[in-house]
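The values are calculated or read from the model by the stated rules, or taken from the named source; none is laboratory data. All values derive from a computational prediction rather than experimental measurement. With ligands, DNA and RNA removed, areas are computed over all heavy atoms of the protein, side chains included. Shrake-Rupley method; radii C 1.70, N 1.55, O 1.52, S 1.80 Å.
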Amino acid sequence: MDPFCGQSHAQDARGRPMSWLGVVEIVDRVLDGRLRAHVGTVATLDEAIPALNPTERRKGKTVIRVRP
């Protein structure tokens, strides 16, 4: 339990609770370039419905940008 934020709801790939220390390690790996997200499509909020319901198969995850 995090004394500042209460119960942590972050989970690892197996569904086990993650500590904030684990989250910090993931952020450090992303910033260092040792961990990359597999992003396939980036769409605006106006394009969200068609982007999330593609007619063809796409590689990577779809990211919806909500701020310009």
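Would a scan of region 21-35 turn up a residue that is open to solvent by 100 Å² or more (accessible area, probe 1.4 Å) and at pLDDT below 90?
Yes, region 21-35 has at least one match.
When only residues in region 36-68 that are of a type in the set (Val, Ile, Thr) and open to solvent by 100 Å² or more (accessible area, probe 1.4 Å) count, which is modelled with the highest pLDDT?
Checking each candidate, the answer is Ile49.
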